[in-house]
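The values are calculated or read from the model by the stated rules, or taken from the named source; none is laboratory data. Predicted model only: the values in this text are computed from it and were never measured. Every residue, glycine among them, receives a Cβ derived from its backbone with ideal geometry; neighbour counts consider all protein chains shown. All accessible areas refer to the heavy atoms of the entire protein, side chains included, with ligands and DNA or RNA removed. Shrake-Rupley method; radii C 1.70, N 1.55, O 1.52, S 1.80 Å.
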Amino acid sequence: MARVTGNWTVKVGLAQMLKGGVIMDVVTPEHARIAEDAGAVAVMALERVPADIRAHGGVARMSDPELILRIKEAVSIPVMAKCRIGHFVEAQVLEAIPVDYIDESEVLTPADEEHHIDKHAFTVPFVCGCRNLGEALRRIGEGAAMIRTKGEAGTGNVVEAVRHARAVLGEIRRLQSMAPEELMAAAKDMGAPYELVVEVARLGRLPVVNFAAGGIATPADAALMMQLGMDGVFVGSGIFKSADPARRAKAIVEATTHYNDPKIIAEVSKGLGEAMPGLEIAAIPAAERLAERGW
Amino acid sequence: MTRIGVLALQGAFIEHEQVLRGLEVEVCQVRLPHQLENLDGLIIPGGESTTIGKLAVGYGLIEPIRELARCGVPVWGTCAGMIILAREVAGYEQPLVGLMDIVVRRNAFGGQVDSFVEDLQVPAFGQDARPFPGVFIRAPLIESVGPGVEILVRLPEGGIVAVRQGNLLATAFHPELTGDSRFHRYFLAMTGGWAESGLTAAGSGER
């Protein structure tokens, strides 16, 4: 076979190389270097971390390509960037830069409330958020090569990420226990492509890498998501909104690797200073809950 | 039974484990130095080489891995693992095990949009001339090799992507993502635990 770029193997393959790692939100080249020095496997280049997007209000859009380029120049690890749900031209711009991965993200203000991007049409791979298995499989059906939980970004509260991880993993276990003739009804109920439902039932996992995101703020949060069965973690506001970002970043990386070793998690958790301020989910008005964006 | 360790600090270590289990090999994950004991071979997987290197330094794994290799235990690095085995990474200062006399260039083909799959010819597989599917993900390239290093695979345009130096093996690509276990069987032959595989541990590449 002659050389082929942008096929499913290499799109899913990069996510496989990120497994067991931490992807960190950064807003400057200096942040990006701190993240890389701490052992991040990739950075997400943004103009504002989700906590600030939440505080700032208004319409949140794709970052300035100039900022993304400066962050790319600062580090050797992969650089991801976010586009708005359904905004395929923002995605085209990010591919033209080019970034290494695009997050079609509910953290930005959606550009289309009915349609997500046709991600098969791109060479660059996409990661998308989900709250349950049906949503994960719809995104994979559209071409997402990596999935993450939505959680509730910018809150420093892990409860929604746990809810979404348990939903996805629990629904996978349920599919595994089904008779073959029950899978079509399951596909209908969850609004997911039948072929993917069958594949998940056979594999006992998603056919792509599955990270945790949205509210992870401590080393123990990261290890919790790993013990639940996630493949790695995104940390957004949790690092650079804390008292000592460099130390906290390194501690979260080490807790993600040694997630099954409570002694190491205890050791790395010592003296990290204040975590980011947290938000109670119930205190967030329904219209401001980011996880509700997209379907 | 042959017992292979897979460095499990970060990256695609489970994929290596799955291939090895299919070859009926005992596999153990290595995150701490004591887990390097009683191994017949060690695989350093793909992932981010900066992350794996920093964690290896932080948890005291670099010197024990060097010692393991000096004792003759086969060690194989894929992609990031190859970078970590290299003597030198062009343009970067990063923690390395540094055992192989090779100079590598990180992200030599570009970013993720340049990642590719391409068929490779592997003379070391002997009579089995079927092409091997080379999966290159933000892959490194071997820029130069020392006198004791055997070149196993080149890209059609000439770039060096797989080498062997005694008990050390390095591939810029990802055999663990292909469903083709020939490179894993080649590595097991190096450990002496796969005599019946039909593959010999003696290479047949160019010197």
>> Could you tell me what a quarter of the Cα convex hull surface of the protein assembly as shown works out to, in nm² with one decimal place?
In response: 22.7 nm²
> Where the centre of each part is set by its Cα atoms, how far does segment A:157-183 sit from segment A:70-122, in angstrom?
Replying inline: 27 Å
> So which trypsin sites (Lys or Arg not before Pro) in segment A:195-265 pass both tests, a DSSP loop state and at most 14 other Cβ atoms within 10 Å of the Cβ?
Replying inline: none
> For chain B, the longest stretch holding no GluC sites (Glu not before Pro) located in a DSSP loop with at most 13 other Cβ atoms within 10 Å is which?
Replying inline: B:94-156
>> Strictly greater than 19 Å: what percent of every Cα pair in segment B:3-197 meets that?
In response: 55 percent
> For residue A:150, which lysines qualify as cross-link partners when the Cα separation must be under 21 Å and same-chain residues fewer than eight apart are set aside?
Replying inline: A:11, A:19, A:82, A:119, A:241
>> Can you give me the accessible area per residue for the protein assembly as shown, using a 1.4 Å probe, in Å²?
In response: 37 Å²
> Binned at 10 Å from 0, what are the whole-percent values of the Cα-Cα distance distribution for chain A, short to long?
Replying inline: 7, 30, 38, 21, 5, 0
> Over what distance in Å are the Cα centres of segment A:212-241 and segment B:105-174 separated?
Replying inline: 35 Å
> For segment B:78-145, what's the radius of gyration and Dmax over Cα atoms, in angstrom?
Replying inline: 13.4, 41
>> Within segment B:109-134, name every residue whose backbone N is under 19 Å away from a label modeled 7 Å from Cα of residue B:90 along the Cβ vector.
In response: B:109-112, B:114-116
> Counting only residues 5 or more places away or on other chains, whose amide H sits under 5 Å from the amide H of residue A:211 once H atoms are built in the peptide plane?
Replying inline: A:147, A:148, A:149, A:231
> For chains A and B, what's the summed buried accessible area, probe 1.4 Å, to the nearest 100 square angstrom?
Replying inline: 3000 Å²
> Tell me, what HN-Hα J-couplings in whole Hz come from the Karplus equation 6.51 cos²θ - 1.76 cosθ + 1.60 at θ = phi - 60° for each residue of segment A:285-295, using x for Gly and Pro?
Replying inline: x, 3, 5, 9, 7, 5, 5, 6, 7, x, 9
>> Could you tell me the calculated FRET efficiency between residue A:288 and residue B:70, based on Cβ-Cβ distance and R0 = 56 angstrom, to the nearest 0.05?
In response: 0.40
> Hey, how much of the P(r) for segment A:215-268 falls beyond 12 Å, as a percent of Cα pairs?
Replying inline: 57 percent
>> Compute accessible area for segment A:92-130 by itself and then with all protein chains, 1.4 Å probe, and report residues whose area falls by 40 Å² or more.
In response: A:100
> Roughly to the nearest percent, how much of the accessible area of chain A is carbon and sulfur, given a 1.4 Å probe?
Replying inline: 52 percent
> Summing +1 for each Lys or Arg and -1 for each Asp or Glu, what net charge is found among the other residues whose Cβ lies under 14 Å from the Cβ of residue B:167?
Replying inline: -1
> Distance in nm between label sites at residue B:121 and residue B:34, each 7 Å beyond Cα in the beta-carbon direction?
Replying inline: 5.1 nm
> Taking the Cα-to-Cβ direction at residue B:128 and at residue B:103 and moving 7 Å from each Cα, how far apart do the two end points lie in nm?
Replying inline: 3.5 nm
